[in-house]
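Here the structure is laid out as structure tokens; the discussion comes afterwards.
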């Protein structure tokens, strides 16, 4: 990943992280605010319900009280208490309830047996326990009906005025959808009453408006919880799969005097507003995040222009320097750290270039000096005997002719030999100076190795040097000059022979190493020191007493002309191993 | 002298007015209102006025001649021959013949075995196998002996009727139908009726009228005879209405089909023991009629008290055991609010014994294992009454008769044999009652509680 991409990613992540944090915080805060609003609204509605309930209870109690004080009931009480039959009053509850606008009404004798019941006429004679609440405030009561259902109502119980023994009036009004119709419910809020809590959950037991009933089935879990535990149950109910259709629901159990849950008041607040605000918040956050990313891209581009490009340029220039182009310069003119780095880089490359030039100059001078020294040394050897021989010949002039002839004959032989020696030295120098360009053809490198092995095999035997070969079974096709390669390999073999005067093992191998034909010549001689390894390929450098020191230089030159490499591996006392790598055909450069 | 003259004149005037008071007059239109269908039992007022039966029931329980003048039983009651009264004509002038009678009775039987039997009609088939006209008589052949065939033939369902070309019902009764308009069926007197011309010129019969409306019409003089349900008798008397009350003629009974949870007799017995007849009698029916566990009223059989009618809730629970029954339905064959109330009360009684019972809504066509029925009794004789009740409950031929038709012990045994099965639980015997207006002279009821309109006359009729 480039610096520019990293910076872009960092900026983008930073912006997105900040926006996400702000968005999440805002969303949570919005939710808390709306939950608080829901809670307050629910509390308000519950309080209102309580007031309405109390008001209805008071109205019911008032109606029952007036009925209990009416002449009709007083007459009935008088009749019953004077031995009258209660049977004629079986259906008296109906007109009385109509007159006092009650939905439930029972006349109950002093022993608790029902005389007349509006809601269940056939229950005459059965006991009505509600007379125990005589004189108390209105209470919630579940009333069983002939069809097997139950209804919840607000009831009050009074004794008929002046009745002794008492004749009771138990009257009530139903807690149904009509009760809720007068309820001021804010928009988005539903209020329902679940009645008949004794049986399994049934949506038909809800009393509410038609709109509220459509979602009633979804409140089952909360209603059952409130029924079972007698405590408020709260939760979020999803009417459809969409969040905006979810409701924040509170189920409040309505209990009778004995603590039994008779009904459940359900207050459901729509979460649509909250969801929409959250969505709006989120959309803004997404928008800001999007803008932030765009900003991050632009910023990263700008930063790239200011920072990463110079660094990339520096990196590219460093790569060029590493590849050998020491003339590389970077054109960065800023005054900041990057500019200082660029100036330092340019300075460094300039100095490297100058130092390289000086080094080349120095090496050239050194090479010339070395060449001159070696040349002087090489030439000096044959020149000294030449000089001596000539001096002997001058001195021998004074000798008798017969002795002079002998001296002359020996001196002439010596002169001839040394002149031949000189010619050889000069010839080698000449050869090295004008090493021919290789005439490359496609050839099998193994043949060059086999030719050298075959040529020097007998000589190795004479010198008690064991020969070991490892030649690849597959062809090692290279582009090469067989003569030059033969010459180079011959030099390496001769050097190896010179390194083992007492005998040893010479190993020659030719194998494939990836895309290179690797030819190695190793001996078990005295080995080379690290300093010798460094200078081994320098012209005229030699560790031998004799020789021009050009052999390995020639080998290196031949290998270089074949676009190959040569290396030496050696430890003092452990022999030496020369490894030539020549590119195989297909990887060879023209 | 003068004083003597005045006193004598006064005595003559009083005598004359008294004589004028006791003699019925012809004329006038008798206005009758009912809540039910005038052609269907139990009242069947129109049916009774337009049609005649071969016999009629006497107050003592026997059979009296009507369209048949005499009869004879042969072959130990397997064969009966009834001689048709001569000179009787249908209201369209056609003579009454034995063939006509046989055809009419055959038609009655075929309707009973198929769809179309009216409320209160016999739920079983006719007691004879064949009926045919032979000369001036009608011969009945039955597989089993029918010792009380004359009493049975007095029932209104065996009235002799024809249909004219237009499909109208033609009979030999004292009145004939002339039209139906504005909810009122109009019948005019049959001047050539074999039993004599009725006193009233016409009868206007308003049907399907609520009891409260009938009472209102009576109070304002728009009706002469209206119904008084037994549970309103006390109220009618409190309102000083002129009420005619019959003997107990309607049996309120709970029927239990021997199927499902009630396949076992113990369960049916438990249900029977759970019923509280006293509450029904004291409160719902306002102490009218009599509590019973018998198929016949005490006044008819004399042994009704032998059947225990007390509630035994503990034994009912013990018989039911711990079985948890599914909800059962209790049907009511009468849409009246009183019957619905009685059914709800029975449901409560059964609930106390551990049965889960739901009362079917009025008008529901759903079948139910339990049913509260109100069955009307026409026969006046004990054996005929028992046969009639058994027929009404679909128990034709149930039990066995070991003695004569008048043997109370045999009747009791026969009835006990039926009731032991616990598929019929008699609850109450109820009377029928009618409130009569001031215009009606000498109103009286027939033995089965229906008003006798054929002999009714109106005050001030000319």
- So for region B:342-381, using the alpha carbon gyration tensor with a ≥ b ≥ c as root eigenvalues (a/c under 1.5 gives rounded; past that, a/b versus b/c decides prolate or oblate), I'd call it oblate
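With all distinct Cα pairs included, what does the Kirkwood hydrodynamic radius of chain A come out to in Å, to one decimal, could you say?
The Cα-based Kirkwood calculation yields 37.0 Å.
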- Message: Restricting the calculation to Cα positions, tell me the Rg (one decimal) and the Dmax (whole number) of chain B in Å.
- Response: 24.1, 95
- Query: Using 0.36 nm per residue, how much length does the chain from residue A:397 to residue A:483 gain when fully extended, once their Cα-Cα distance is taken away?
  - Reply: 25.9 nm
- Message: At a 10 Å Cβ-Cβ cut-off, how would you order B:240, B:89, A:204, fewest neighbours first?
- Response: B:240, A:204, B:89
- Using a Förster distance of 35 angstrom, determine the FRET efficiency expected from the C-beta separation of residue A:99 and residue B:365, and round it to 0.05. 0.40
- Note on the structure: Gyration tensor on Cα atoms of region A:156-235, a ≥ b ≥ c root eigenvalues, a/c under 1.5 rounded, else prolate if a/b beats b/c, else oblate, says prolate
- Message: Rounded, prolate or oblate, given the Cα gyration tensor of region A:157-203, with a/c below 1.5 counting as rounded?
- Response: oblate
- Query: How far, in degrees from 0 to 90, does helix A:3-68 lean away from the longest principal axis of the Cα atoms of chain A, to the nearest 10?
  - Reply: 10 degrees
- Crossing angle, helix B:337-352 versus chain B [Cα axis fit, 0-90 degrees, rounded to tens]: 20 degrees
- Note on the structure: Expected sort for A:410, B:151 with the fewest Cβ neighbours (10 Å cutoff) up front is A:410, B:151
- Task: Would you mind getting me the FRET efficiency between residue A:515 and residue A:286? Use the beta-carbon distance for r and R0 = 41 Å, nearest 0.05.
- Result: 0.15
- Task: Run the numbers on region B:250-430 and let me know its relative contact order in percent, using alpha-carbon pairs under 8 Å that are six or more apart.
- Result: 37 percent
- Could you work out the Rg to Rh ratio of region A:82-133, with Rh taken as the Kirkwood radius (inverse of the mean 1/r over all Cα pairs)? 0.96
- Item | Bins of 10 Å from zero: percent of alpha-carbon pairs in region B:52-172 | 14, 47, 34, 5, 0
- Message: Restricting to DSSP H runs of at least four residues, report the calculated mean residue ellipticity at 222 nm for chain A, -39500 (n - 2.57) per run over all residues, nearest 500 deg cm²/dmol.
- Response: -17500 deg cm²/dmol
- A correct fewest-to-most ranking of B:109, A:533 by other Cβ atoms within 10 Å would be A:533, B:109
- Query: Can you give the convex hull volume of the alpha carbon atoms of the protein assembly as shown per residue, in Å³?
  - Reply: 414 Å³
- Cut-off 18 Å (backbone N to label point 7 Å along Cα→Cβ of residue A:354), residues of region A:306-325: none
- Task: Return the Cα extents of region A:368-413 along principal axes one, two and three, sorted largest first, each rounded to a whole Å.
- Result: 48, 16, 7
- Query: Distance in nm between label sites at residue A:336 and residue A:463, each 7 Å beyond Cα in the beta-carbon direction?
  - Reply: 6.8 nm
- Taking the alpha-carbon set of region B:250-430, what are its Rg and Dmax in Å? 15.7, 46
- Task: Take every residue in peptide B:280-290, count the Cβ atoms of other chains within 10 Å of its Cβ, and give the average of those counts.
- Result: 3
- Message: Please compute the modelled spin-label separation between residue B:184 and residue A:113, points set 7 Å along Cα→Cβ, answer in nm with one decimal.
- Response: 4.7 nm
- Distance (nanometres) between label positions extended 7 Å along Cα→Cβ at residue A:147 and residue A:161: 3.8 nm
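Values in this text are rule-based calculations from the coordinates and carry no lab data. Keep in mind it's a predicted model, so treat the numbers as computed, not measured. We place every Cβ from the backbone using ideal geometry, glycine too, and count neighbours over all the protein chains shown.
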